[in-house]
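Peer 1: I have a structure I would like to understand better, so I am pasting it below and will then ask my questions one at a time.
The values are calculated or read from the model by the stated rules, or taken from the named source; none is laboratory data. Because the structure is predicted, anything quoted here is derived from the model rather than measured. Glycine gets a Cβ as well: all are built from the backbone with ideal geometry, and neighbour counts include every protein chain shown. The accessibility values were calculated without ligands, DNA or RNA, using every heavy atom of the protein model including side chains. Shrake-Rupley method; radii C 1.70, N 1.55, O 1.52, S 1.80 Å.
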Amino acid sequence: MVIVMTAGASLKSISGVIKKINELGLKPHVSKGKERTIIGVIGRLTVEPEYFEGLPEVEKVILILSPFKLASREIKQENTVIRINGKGEVGGNHITIMAGPCAVESQEQILETALALKELGVKIIRGGAYKPRTSPYAFQGLEDKGLEYLEEVKRVTGLAVVTEVLSVEDVEKVSRVADILQVGARNMQNYPLLKALGKTDRPVLLKRGMMSTLEELLMSAEYILSNGNPRVILCERGIRTFEKYTRNTFDISAIPMLKKLSHLPVIADPSHGTGVRDLIIPVSKAALVAGADGLIVEVHPDPLSALSDGFQSLDLKDFARMMEELKSVSSILGRKL
Ligand code: PEP
Ligand code: MN
């Protein structure tokens, strides 16, 4: 349920509503808009919605029917725009490009990539220090050393960093370096992790699980939002189907559907979404046309020698071409790259 206060409602009336919500053992979630304040009520209602309608300066009470509440468009009509530590924003008019290798492999590799990406106008570099690999025998990431290299990249280049956090124990450590904390597809339903991320002040890039519905993705976002962190970026990264020419089937319809259902920014991962280097550029274009607010793309200076996901990574030359091609797509869409 959402309580919409009248335009310019007084602090006294807002506090009065919050007090009633708390008295009923429910949780208020206040968002202050330019004109009005709306108060989400989280928890099982034991009174009729009319109970709140009689309170001073309450304009109306809206019941939210979808199972996700704080993530829904019903609670917030305007798009959420998430600012990234002075490195631009996600969800506004700008299309946000996050690019970099699947994994941090060495100091030279990540620094060389960062400098080249910066030249091409990228403001956010990706790179996993802790890698969730299907095989326990595959490269698991440089772990703490990888984080150190990312910290150095930030210091030298001024780029913002998005990197994956695998477990609750690592949240604090990874937050010290990451400007955006990535939750991987395999962890989308790791509820203790989502709850812990709800208590941080870092934006969270939440990837869709490879076998998850959009409702499940939004319910996972709800865990982060309801635990106090409003800065969630949703990411379509492909799902499992019977198709074998691609690693995953990129669900293009997920983008406009998520934008319809939720006010949260939505980005696309054409690397994991296809698993095929040659498909990255066309699928990126399609994602932007479908309404994506940005992309997260795997780029490696030498994809053939990459320790993970080289087959779905662009080299720097192809990435430069992609940025050029995306400029024309963005201008047709009336958005800035
Ligand atoms: C990644 O971004 O490198 C990654 C492991 O992605 P996903 O969680 O989508 O598989
Ligand atoms: Mn990868």
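Peer 1: Counting only protein chains, not ligands or nucleic acids, how are Arg231, Arg83 ordered by accessible area (probe 1.4 Å), most first?
Peer 2: Heavy-atom accessible area, descending, gives Arg83, Arg231.
Peer 1: In the stretch 94-202, which chymotrypsin sites (Phe, Trp or Tyr not before Pro) are in a loop and have at most 16 other Cβ atoms within 10 Å, using DSSP for the loop call?
Peer 2: Those that pass, being in a loop and sparsely packed, are Tyr137, Phe139.
Peer 1: Any chance you could check the Cα centroid distance between the stretch 237-304 and the stretch 56-85 for me, in angstrom?
Peer 2: Their Cα centres are 26 Å away from one another.
Peer 1: For Val47 and Glu216, what does the FRET efficiency come to when R0 = 30 Å and r is the distance between their Cβ atoms, rounded to the nearest 0.05?
Peer 2: Efficiency, rounded to the nearest 0.05: 0.50.
Peer 1: List the relative contact order of the chain as a percent without decimals, with contacts defined as Cα pairs under 8 Å and 6+ residues apart.
Peer 2: Normalised by residue count, the contact order of the chain is 16 percent.
Peer 1: Keeping all protein chains in position, work out how much accessible area Thr249 exposes to a 1.4 Å probe, and write it in Å² to the nearest 10.
Peer 2: 50
Peer 1: Also: In terms of the Cα gyration tensor, with a ≥ b ≥ c the square roots of its eigenvalues, is the stretch 86-142 rounded because a/c is under 1.5, prolate because a/b exceeds b/c, or oblate?
Peer 2: Oblate is the answer for the stretch 86-142, as a/c is 1.5 or above yet b/c matches or exceeds a/b.
Peer 1: Give me the mean projected area, in nm² to one decimal, of the convex hull enclosing the Cα positions of the stretch 2-62.
Peer 2: Computed as one quarter of the Cα hull surface, the answer is 3.5 nm².
Peer 1: Show that you can apply the helix-only estimate: for the chain, add -39,500 (n - 2.57) for every DSSP H stretch of four or more residues, divide by all residues, and state [θ] at 222 nm to the nearest 500.
Peer 2: Taking each H run of at least 4 residues, the total per residue is -9500 deg cm²/dmol.
Peer 1: Between Ser305 and Ser66, what is the FRET efficiency for a Förster distance of 41 Å, r being their Cβ-Cβ separation, to the nearest 0.05?
Peer 2: For Ser305 and Ser66, the calculated efficiency is 0.35.
Peer 1: Just to verify a number: FRET efficiency for Thr249 and Leu24, C-beta to C-beta distance, R0 = 45 Å, to 0.05?
Peer 2: Taking R0 as 45 Å, the efficiency between Thr249 and Leu24 is 0.50.
Peer 1: For the chain, with every protein chain kept in place, what is the accessible area per residue (1.4 Å probe, Å²)?
Peer 2: Heavy-atom accessible area per residue stands at 45 Å².
Peer 1: Dipole magnitude of the chain about its Cα centre, charges +1 at Lys/Arg Cβ and -1 at Asp/Glu Cβ only, in debye to the nearest 20?
Peer 2: About 680 debye.
Peer 1: Glu151 versus Asp315, label points 7 Å from Cα toward the beta carbon: distance in nm?
Peer 2: Simple spin-label model gives 3.4 nm for this pair.
Peer 1: With a 1.4 Å probe and every protein chain left in place, tell me how much accessible area Asp302 has, in Å² to the nearest 10.
Peer 2: Asp302 has an accessible surface of roughly 70 Å² with all protein chains in place.
Peer 1: Would you work out the relative contact order for the stretch 2-62, in percent, from Cα pairs under 8 angstrom that are 6 or more residues apart?
Peer 2: Answer for the stretch 2-62 is 48 percent.
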